[in-house]
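Remarks on the structure that follows.
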Amino acid sequence: MTDVKRLRPLQYRSIFISDTHLGFRGARADYLLEFLESVECETLYLVGDILDLWEMRRGLHWPDSHNAVVQNILQRARNGTRVIYIPGNHDEMMRDYAGMSVEGIDIRLRAVHECVNGRRLLVLHGDEFDTVVQCSRLVAMLGNRMYAWLIRANHWVNRLRSAFNRPYWSLAAHLKHRVKNAMQYIANYEEALVHEARQAGLDGLVCGHIHHAELSERDGLIYCNDGDWVESCTALVETRHGELSLLNWVEMREALGEAAGNARRRAA
């Protein structure tokens, strides 16, 4: 395993993660736990689909790594980190508790985050702007099953890559970028969310849902999608100076592994 202790702790003002899908066999809870153990922050936003209750209805899958992620988050809340949980469509049951604080975690339907530099960002999961989810729950759930099959195929692809000492690679993300209709769907989704932030009089937004990490400017507004922990293994972070950036944990741990290897060779 990569020596994550050499990165610890990375200090941020705010961290945004979403679509961890704990309870789903394709969730990279091992990578997520490594990341959480390597960072500290004042505010942690959980931007939906943290639990995959859709998958859990089909059968319980809850290994130690999934439980360790939950315990890490709870421990942060107990130790003074501000934790804000905005449920998504896969954990929509938690929306019934919006406005409440559970184990020190504030549950909300939406939030407004103010950066150090005064920029105000709408924070929401984003499924209400997904035409498939809103128009047909049956089609959405069928799509979810097809996605689960694709992620299982991805597991075997990466076992083969690991045998040849190759880094983690997302088959699902690769196909998204290759399929024209998928890219148009993403573009429409992003446009709808930017419009929502503009209507609210804010400077931009942070969302998740579509498993497509991106940080860009659209007509003067900031669009931030913090990605997921099934395919991209990414998080959005805000530094103490108010700068926003996307962190890719797969790339970070690979770079760390190379640096540790070089250090060992120099010491030998």
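The values are calculated or read from the model by the stated rules, or taken from the named source; none is laboratory data. Every value quoted in this text rests on a predicted model; they were computed, and no experiment measured them. No Cβ is skipped: glycine too gets one built from the backbone with ideal geometry, and neighbour counts run over all protein chains shown. Accessible surface is based on the protein model in full, side chains and every heavy atom, while ligands, DNA and RNA are left aside. Shrake-Rupley method; radii C 1.70, N 1.55, O 1.52, S 1.80 Å.
For trypsin sites (Lys or Arg not before Pro), the sites in segment 8-72 that DSSP calls loop and that have at most 16 other Cβ atoms within 10 Å are 25, 57, 58. In a DSSP loop and with at most 16 other Cβ atoms within 10 Å, the GluC sites (Glu not before Pro) in segment 33-82 are 37. Note that segment 1-129 presents 44 Å² accessible area per residue, ligands and nucleic acids not counted, probe 1.4 Å. For segment 10-97, the share of accessible area belonging to carbon and sulfur comes to 47 percent (1.4 Å probe, ligands and nucleic acids excluded).
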